[in-house]
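Q: First the structure, then my questions, so here it is.
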Amino acid sequence: MVWQHIRISRFGGPEVLELAAEQDLPEPRPDEVRVKVLAAGTGFTDTFIRMGHYPDFKGPLPFTPGYDLVGEVDALGAGVTALKAGQMVADLCVVGGYTQYAIRPAAALVAVPEGLDPAEAVCIPLAYMTAYQMLTRCAAVQRGATILVVGASGSVGTALLDLARHLGLKAIGTCSARNLGVVQNYGAEAIDYHTGDFVAEVRQATGGRGVDAAFDAIGGAHFSRSFAALAKGGVLIGYGSQTMANGKEGLLAAGLGLARLKLWSLFSPLFAGRRALWYSITDRRKTHPGEFATDMAALFDLLKSSAISPVVADRQPLSHAADIHRRIETGGLGGKVVLLPW
């Protein structure tokens, strides 16, 4: 049987994403599962990995990209008893999602409730999990708190806004002018970061107080602006380094940004109790594996009950992967673009 996947043989621009065909189906080994992939998420992190800039993956080459996937169990390796053929599952695989078939460790897979749209479900493992754990596990924000979401129209940004609405939080989001409506649709106050000083606008919107928590994936020197928007006792969660990925800042600037987070927390009393943390979903999964399964199940329950509404900005076949990466790098998608391998 001929099946297809995206292959990267060298790190570089979107042009390195090649559609490859294989003749033989991969067979699962003991404790593994073959998954027929129904939806693969795309996002900024995938472009970071493609360029060879992602610290948690440097090869080997060639490889198939794709940070998260949803699919059906197609075949079981020896010793797998907790899953059954035809069951829908999800995984945060880091690489390997842009494919029709994937071999995954059975222990890494999380069951997806029946009846969910795979394209909406694939928004959960990376984007919504990141947002949910930052809000509930890291920042531990309480109902009625005010948060700032930097880059609020992206896949994690919209997840933060969606969950904020569910959790009873007031949200302020920065975005480009063309995505103001996306942010406002979640009941959040939208700030065009191109036209002025968003720190001053946040202060004005909060009566000079600032926000209880800020979430920033820009990184580098930008962390200082988000930290300046905090109220007394507020917390900044850094979870990305987009300025390094897009070439606007180098490795040194990104490192200084991380150093600032540590210093702000170390000397929190000098900053009126304001503090800062770094969040990595892969690190959190390694150190708190039980949380990952629990939180994923909770998010799927919220999706099943329509308590949250992921924004699927577009659905495209595998052959459009390079074009999607170009669109991601341009920005302004207003949600998550999903690959439908079949």
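The values are calculated or read from the model by the stated rules, or taken from the named source; none is laboratory data. Here the structure is a predicted model, which is why all the values come from computation and not from measurement. Reconstructed Cβ throughout: ideal geometry from the backbone, glycine too, with neighbour counts over all protein chains shown.
Q: Being exposed (fewer than 15 other Cβ atoms within 10 Å of the Cβ) and in contact (Cβ under 8 Å) with a residue 40 or more places away in the chain is the filter here; which residues of region 303-314 pass it?
A: Listed by number, the list holds a single entry, Ala307.
Q: Return the only residue of Leu303, Leu299, Leu277 being assigned to a helix (DSSP H, G or I) and closer than 23 Å to Ala214 by Cα.
A: Matching residue, one of Leu303, Leu299, Leu277: Leu299.
Q: How many of the residues in region 265-286 are under 26 Å from Ala127 (Cβ atoms) and surrounded by 12 or more Cβ atoms within 10 Å (Cβ to Cβ)?
A: 11
Q: Quick check, is Thr146 of a type in the set (Ser, Thr, Tyr) and either out of contact with any Ser or Thr (no Cβ under 9 Å at 6 or more places or on another chain) or surrounded by fewer than 18 Cβ atoms within 10 Å (Cβ to Cβ) (or both)?
A: Details: of a type in the set (Ser, Thr, Tyr): yes; either out of contact with any Ser or Thr (no Cβ under 9 Å at 6 or more places or on another chain) or surrounded by fewer than 18 Cβ atoms within 10 Å (Cβ to Cβ) (or both): no.
Judged against the criteria, Thr146 is not a match.
Q: Would you confirm whether any residue within region 108-120 is crowded, with 24+ Cβ neighbours inside 10 Å and touching a helix residue (DSSP H, G or I) at 6+ places or on another chain (Cβ under 6 Å)?
A: Yes.
Q: Are any residues in region 120-167 part of a loop (DSSP other than H, G, I, E, B) and among the polar types (S, T, N, Q), and if so, which ones?
A: Answer for region 120-167, where residues must be part of a loop (DSSP other than H, G, I, E, B) and among the polar types (S, T, N, Q): Gln142, Ser153.
Q: Continuing with the same structure: Going by the structure shown, is Cys175 of a type outside the set (S, T, N, Q), modelled with pLDDT of 95 or more and assigned by TED's automatic domain parsing to the domain that holds Tyr239?
A: Against the criterion (of a type outside the set (S, T, N, Q), modelled with pLDDT of 95 or more and assigned by TED's automatic domain parsing to the domain that holds Tyr239), Cys175 does not qualify.
Q: Right, next: For region 285-296, what are the residues that are assigned to a helix (DSSP H, G or I) and over 23 Å from His166 (Cα atoms)?
A: Answer for region 285-296, where residues must be assigned to a helix (DSSP H, G or I) and over 23 Å from His166 (Cα atoms): Arg285, Lys286, Thr287, Pro289, Gly290.
Q: Shifting gears a bit: Please count how many residues of region 315-339 are crowded, with 16+ Cβ neighbours inside 10 Å and farther than 21 Å from Gly187 by Cα.
A: If we filter region 315-339 for residues that are crowded, with 16+ Cβ neighbours inside 10 Å, which is where we start, we get 318, 320-322, 324-325, 327-328, 331, 333-339.
Still in the running and farther than 21 Å from Gly187 by Cα: 318, 320-322, 324-325, 327-328, 331, 337-339.
Selection size over region 315-339: 12.
Q: Examine region 39-46 for a residue that is in contact (Cβ under 8 Å) with a residue 40 or more places away in the chain and over 24 Å from the mean Cα position of the chain (by Cα), and state whether such a residue exists.
A: no
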